[in-house]
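Notes to accompany the following structure.
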Amino acid sequence: MTSSPPPALTLYRWRMAYFLRQSAALYRRWGHVATVALALGGLVLVERPELLAGPLPHFRVAPAGWQASAVGASAWLALVLAWAGSHRDAVRGGPLAHFAASLPLAARTRALVDLGLLGAALAVFAVPFGAALLFAARAHDMDGADGRFLPYLVVLAVLTIAAARAAVFGWTGAARLLLPGGVAVLTGAPLLDSHWAAGVLLAATALAGCAVVLRPVSTVRPLGNGGTGRATGWLLLLRLQGALLWQHPHAVCVRLAMAALPLCGALWLVAVVGNVADAPVLVHLAAALAAGIMSGFFTQCVAGRAPLAAYLRALPSARFRLALAEHLLVLAGTALLFGAAWAVLAAAFGPATAPPATMLRAGLYWLAWLPLFGLPVIVRHRDGILFKIALAVPALTMALYS
C-alpha cells in the first residue's frame, strides 16, 4: 500500500501543471521573437559573451562607479518586474488560487509553495548569475575589485526575488522600501572606505530582503466593490478595454517599451549619428517592428474579453463594436508613438525637411497595415507571429522599392 504525498507537495504539483500550461503559449510567442532577435543580433553574443551576464560584471570590475551601479541595478529590477508581471496569473494559480486558499495548510507552507512557483518563473535569471560567476572564475577574480563581488550578487539575488514577489503577489510597504533601499546600498556600499561597515550594510540588506520574501501573503485577489462610475456607448467600451489591459500593467509597459525601442534606435542613427542618407530604410524598418509589436495588444484584448463571450453574443453588434474599439485603441497608441518620432525628427531637422516627411509617410503606411496584423486568423493562431512576419516582409519590400 503506497502512502499519499503530503498536501503541500500535491498543491505544488497542481499549481506547477497550471503554470506550465499557462506559460507554454507565452513562451511559444516570445520564442518566435527571440529567434528573430538572435538572427539579427546573435553575432554580438558571439563576439562579447559577457553580455549574457547583463550588468552583473560591473559589480566585479568597477563597483565604485556609482552612476553605472544605480542604472544597472535599476534596469535589472525593472526587467525582473516586467518578467514576473507577465507570469502573474500563472504563478498565482488562476482559479486554482481560490481553491488552494480553502485547503487546511499553514500560511508558511503556502508561502513556500508560492516561492517554489516563483522560482520556476525566475529560472531564466539563473543564466546571467551563472554567466557572471563563470566569467569571474575564468578571470580568477571571484572577489572583484573591492573584494565584495559575491555579497553584491547575494543582495542582487534577494532583491530579484523580492521584486518578482511584489510584482506577482502585490506590493507591501516593506517591499516599497526594500527595492529602492537595496539599489542605494549597491550604489553606496562600494564607496565606503570601511570594509567592515560595507559588509554589515550588505548583510543587513540581504537579511531584510529574506524577511520580506518569506513573509506569507494571500494569493487570492480581493474582489472590487463594483465601482460607482457611469459610462455608456463608446466610452464604456474604451473603459472596458482599459480595464482589460490594466489587469497586466507590466506586460503593457514592456510592450510599449519594446515598440518604442526600434524607433529610438532609428532616431538616434538619423538625428545623432547623422545617417540621413539611410533614413528611409531605418525609419521604415523601425516603424514595421513597432507596428508588429504593438499588434500584440490585439491578442491581449481578445484573451481579456474571452469571459464576456456569452454576454457579447446576447447583445446586437456587441462583438463587432468591441473589436472596433480594440482596433481604434491600438491604432491610437501606435499613432502616438509615430507622432512622437515625427516630433523628434521635426525638432532636429525642421518640420519641412525630408526626415520628418519620411517618418510621416512611414507612419501612415504602417498604420494602414496594422489592422491586418489584428485579423482573427492571426490573433487566435498559436504561431500568429509567423503570419505577421509573412505580411511584414513583402510590405517592407514594397515600401522600400516603390
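The values are calculated or read from the model by the stated rules, or taken from the named source; none is laboratory data. Please read these numbers as outputs of a predicted model, since none were measured by experiment. So basically every Cβ, Gly included, is an ideal-geometry build from the backbone, and we count neighbours across all protein chains shown. The area values use the complete protein model at the heavy-atom level, side chains included, leaving out ligands, DNA and RNA. Shrake-Rupley method; radii C 1.70, N 1.55, O 1.52, S 1.80 Å.
Look through 48, 60 and report the one residue that is under 30 Å from residue 187 (Cβ atoms), modelled with pLDDT of 85 or more and of a type in the set (D, E, K, R).
Of the residues listed, the single one that is under 30 Å from residue 187 (Cβ atoms), modelled with pLDDT of 85 or more and of a type in the set (D, E, K, R) is 60.
Name every residue in region 211-234 that is open to solvent by 60 Å² or more (accessible area, probe 1.4 Å) and at pLDDT below 65, in order of residue number.
Once the filter is applied, which keeps residues that are open to solvent by 60 Å² or more (accessible area, probe 1.4 Å) and at pLDDT below 65, region 211-234 yields 218, 221, 222, 223, 224, 225, 226, 228, 230, 232, 234.
Looking only at residues in region 375-398 that are free of Cβ contacts under 8 Å to residues at least 40 places away in the same chain and not in a helix (DSSP H, G or I), which one is farthest from the chain's Cα centre (by Cα)?
Only one residue tops the list, namely 375.
Specify which of the listed residues (267, 282, 237) is modelled with pLDDT under 75, closer than 28 Å to residue 365 by Cα and open to solvent by less than 70 Å² (accessible area, probe 1.4 Å).
It is 237.
Going through region 130-173 one residue at a time, which ones are closer than 24 Å to residue 85 by Cβ, at pLDDT below 90 and either open to solvent by 40 Å² or more (accessible area, probe 1.4 Å) or touching a strand residue (DSSP E or B) at 6+ places or on another chain (Cβ under 6 Å) (or both)?
Of everything in region 130-173, those that are closer than 24 Å to residue 85 by Cβ, at pLDDT below 90 and either open to solvent by 40 Å² or more (accessible area, probe 1.4 Å) or touching a strand residue (DSSP E or B) at 6+ places or on another chain (Cβ under 6 Å) (or both) turn out to be 171, 172, 173.
From the list 189, 208, 203, exactly one residue is of a type in the set (Gly, Ala, Ser) and open to solvent by less than 20 Å² (accessible area, probe 1.4 Å). Which is it? Working first, answer last.
Numbers: 208 fails: open to solvent by less than 20 Å² (accessible area, probe 1.4 Å); 203 fails: open to solvent by less than 20 Å² (accessible area, probe 1.4 Å).
Answer to the selection: 189.
Look at residue 351 and say whether it is over 23 Å from residue 329 (Cα atoms) and either basic (Lys, Arg) or part of a loop (DSSP other than H, G, I, E, B) (or both).
yes
Restricting the first residue to region 351-374 and requiring it to be modelled with pLDDT under 90 and open to solvent by less than 60 Å² (accessible area, probe 1.4 Å), which pairs with a second residue that is among the basic types (Lys, Arg) and in a helix (DSSP H, G or I) meet a Cβ separation below 8 Å and a spacing of at least six or different chains?
Listed pairs, sorted by first residue: 373/388.
Of all residues in region 350-374 being farther than 20 Å from residue 270 by Cβ and aromatic (Phe, Trp, Tyr), which is farthest from the chain's Cα centre (by Cα)?
Per the criteria, the residue is 369.
Among the residues of region 325-350, write down those that are of a type in the set (Gly, Ala, Ser) and open to solvent by less than 10 Å² (accessible area, probe 1.4 Å).
Residues satisfying the conditions are 325, 341.
State whether one or more residues within region 171-189 are in contact (Cβ under 8 Å) with a residue 24 or more places away in the chain, in a loop (DSSP other than H, G, I, E, B) and out of contact with any Ser or Thr (no Cβ under 8 Å at 6 or more places or on another chain).
Checking region 171-189: at least one residue is in contact (Cβ under 8 Å) with a residue 24 or more places away in the chain, in a loop (DSSP other than H, G, I, E, B) and out of contact with any Ser or Thr (no Cβ under 8 Å at 6 or more places or on another chain).
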